[in-house]
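Note sheet for the following structure.
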Amino acid sequence: MRRARRAYAKDYKNAGHLKAVEKPASTLAEVVKAAAGEEALKLASVIAKGRDVSEFRIAKTTKLDIQKARNLLYKLHSSNLADYRRVKDARKGVYISYWTLNNAAVKERYYKLQKERLQRFKERLEVETSNANCFFICPAACTRSDFARAEQQKFRCEECGQLLEQENNARTIDVLREKIREMEAAA
């Protein structure tokens, strides 16, 4: 919790009070990271290149252990981002799964993520505007607090003990409004 607050305050101080929302390298990357994590991104990029890709080929291409690759593939499947079919190998007698990316689900999930992100920005804008100039930040960027919390802490940083300074959040409000406009225009 403390690390999160510290990172949050540091982003505020270093990035002009609002961390910039970067556009994803691709829709697939953003959706897969949200659903199954960073490691699954390699697998998804291999699956995206073709249809019915063997799990062994996926594991070999990504240089992952077959069990780890299967685990990540099943995460993608449970999120409905990938489909598979199992075929019994006549020579070896084992089942091999062939994976295909579910492009329709990827698009749907992407739009859902964008909608959720827009909603979070709107909620944050509401908090920032309703508490204009009522935020306090540590000079060392340890924490950022609203008036009620700062008062409970006696206007001292709970991390380093320095006196909290009042923050002008007008720039944060402007940046949030701009981001909301950009996202609504893109939708």
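Tell me which label goes with the value of volume of the Cα convex hull per residue in Å³ computed from the coordinates here: [x] 121; [y] 178; [z] 143.
[z]
Can you tell me the 0 to 90 degree angle between the C-alpha axis of helix 170-186 and the longest principal axis of the chain, rounded to 10?
It is inclined by approximately 30 degrees.
Using a Förster distance of 25 Å, how high is the FRET efficiency between Glu126 and Ala34, based on the Cβ-Cβ distance and rounded to 0.05?
E(calc), rounded to 0.05, equals 0.55.
When the chain is fully extended, how far beyond the present Cα-Cα distance does Lys115 get from Thr27, taking 0.36 nm per residue of separation? Display every interim value, and only then the final one.
Values: separation 88, 0.36 × 88 = 31.68 nm, distance 1.38 nm.
Length difference between fully extended and current span is 30.3 nm.
Once Lys and Arg get +1 and Asp and Glu get -1 on their Cβ, which of Ser26, Ala170, Leu72 lies farthest toward the positive end of the dipole of the chain?
Leu72
Check Ala82: other-chain or 5+ apart residues with amide H under 5 Å from its amide H, H built from backbone geometry?
His77, Asn102
Divide by every residue of the chain the summed helix terms, -39500 (n - 2.57) for each DSSP H run of at least 4, and state the resulting mean residue ellipticity at 222 nm, rounded to the nearest 500 deg cm²/dmol. Walk me through the numbers on the way to the answer.
Numbers: 8 runs with 104 residues, N = 187.
Here the helix-only value at 222 nm equals -17500 deg cm²/dmol.
With no solvent and one equal point scatterer placed on each C-alpha of region 27-101, evaluate the Debye formula and give log10 I(q)/I(0) for q = 0.14, 0.18, 0.24, 0.25 Å⁻¹, two decimals.
So the normalised log intensities are -0.39, -0.63, -1.08, -1.17.
Going by how many other Cβ atoms sit within 10 Å of their own, how do Tyr95, Tyr110 line up, fewest first? Numbers along the way, then the final one.
On the way: Tyr95 10, Tyr110 17.
Taking fewest neighbouring Cβ atoms as first place, the list is Tyr95, Tyr110.
Under a point-charge model restricted to the Cβ atoms of Lys and Arg (+1) and Asp and Glu (-1), what is the dipole moment magnitude of the chain relative to its Cα centre, in debye to the nearest 20? Don't skip to the answer; put the middle values down first.
Numbers: 39 positive and 25 negative charges, 208 e Å.
Taking the Cα centre of the chain as origin, the dipole is about 1000 debye.
None of the figures in this text is laboratory data; all of them are computed from the coordinates on show. Just so you know, these numbers come straight off a predicted model, no measurement behind them. Quick reminder, even Gly has a Cβ in these numbers, built from the backbone with ideal geometry, and neighbours come from all protein chains shown.
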